[in-house]
Amino acid sequence: MQVVRMKAERRSALGRNRVAVLRKEGWLPAVVYGEGQEPISISISEWELEQHVKAHHRVFQLEIGGVSQAAFLQAVSWENTTDHPVHVDFKRIDLTKPIEADIEVVLAGHAIGLTKGGTMVKDHIVIKVRCLPTEIPDSIEHDVAKLEIDDIVLASQLVLPTGVSLVTPGTTAVCHVAKLAAQEVPAAPVAVPVAEAAAGEKAGDKPADKGADKPAGKGDKK
């Protein structure tokens with residue numbers, strides 16, 4: 001992975017109101033931590049960060065007050081309503097030492113099982129790997145064209161680049177082709193015409209002959 005440079009400034013504005021002013025001026029609050037050192041609050045260009053995110057850059061040389069610091073883009077917090085970044089976490093790294101990183105698995109091809117009534121289920125499409133910061137792959141591609149219904153792709157089946165090792169357990173399911181369950185649709189109730197229903201009610205409501213079923217008693221006339 002490419003190491004890119006980005007300028008940053010130490011940030012003294014820590015209150016909510018002062019941070020809001022920074023954002024209005026196009027700056028984004030961030031923090032650099034790790035490697036046994038105290039965290040440093042910094043500010044970076046919001047526009048510049050968005051360009052790096054679009055280019056999938058994650059390894060940086062931050063220029064902070066004339067001092068260069070290698071850092072890994074650990075997390076970006078986004079505002080729900082505007083999709084603008086609101087805060088960034090950088091983790092200090094040593095470019096000569098391996099680190100762990102989350103990598104997305106890209107599924108290539110059209111699985112055979114999809115033509116037989118199956119559906120592709122993405123179980124764990126992001127895996128964790130370990131490698132040097134400069135060797136972090138942008139993504140891991142896996143061909144799923146031969147997958148039949150009930151076939152599963154395990155993390156151990158992924159082909160990783162040289163120098164990249166798997167941290168996620170090998171038995172973890174990355175994806176599988178599931179068979180769509182047939183759903184029984186209950187039969188619609190038969191509608192009875194109003195006129196027919198009314199006629200049936202009249203026929204069934206005919207009163208019985210008086211005394212037809214009345215048992216004979218002592219006081220009855222013969």
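None of the figures in this text is laboratory data; all of them are computed from the coordinates on show. Keep in mind it's a predicted model, so treat the numbers as computed, not measured. Every residue, glycine among them, receives a Cβ derived from its backbone with ideal geometry; neighbour counts consider all protein chains shown.
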Within the range 128-149, what residues put their amide N at less than 14 Å from the label point 7 Å along the Cα-to-Cβ vector of residue 112?
144-149
Cβ-defined net charge surrounding residue 48, 15 Å radius [Lys, Arg +1; Asp, Glu -1]:
0
In order over the range 132-138: 3J(HN,Hα) from phi, Karplus 6.51/-1.76/1.60, θ = phi - 60°, whole Hz, x for each Gly or Pro, gives 5, x, 7, 10, 5, x, 5
14 Å beta-carbon shell around residue 125, net charge (K/R +1, D/E -1):
-2
On a C-alpha basis, how far is the centre of the range 153-173 from the centre of the range 61-99 in Å? Whole number, if you could?
26
Would you grab the residues whose amide H sits under 5 Å from the one on residue 93? Only those 5+ places off in sequence or on another chain, please, with H modelled 1.01 Å from N.
70, 71, 72
Which of the GluC sites (Glu not before Pro) found in the range 1-91 are in a DSSP loop and have at most 15 neighbouring Cβ atoms, other than their own, within 10 Å?
25, 35, 79
Given the Cα-Cα distance of residue 157 and residue 10 and 0.36 nm per residue of separation, how much length would full extension add, in nm?
48.4 nm
How large is ³J(HN,Hα), in whole Hz, for each residue of the range 159-168 in order, when computed from phi with the Karplus curve 6.51 cos²θ - 1.76 cosθ + 1.60 and θ = phi - 60°, using x for Gly and Pro?
8, 9, x, 4, x, 10, 10, 8, 9, 4
Which pairs, out of 24/128; 54/179; 7/91; 7/128; 128/179; 97/122, put more than 24 Å between their alpha-carbon atoms?
24/128; 54/179; 7/128; 128/179; 97/122
Return the distance in nm (one decimal) between the two label points of a simple spin-label model at residue 45 and residue 128, each offset 7 Å from Cα along Cα→Cβ.
3.5
The range 1-77: trypsin sites (Lys or Arg not before Pro) in DSSP loop, at most 16 other beta carbons within 10 Å:
none
Return the sequence-ordered ³J(HN,Hα) values of the range 139-155 in whole Hz as given by the Karplus equation 6.51 cos²θ - 1.76 cosθ + 1.60 applied to θ = phi - 60°, using x for Gly and Pro.
6, 10, 9, 9, 7, 10, 4, 8, 6, 9, 4, 6, 6, 10, 9, 9, 4
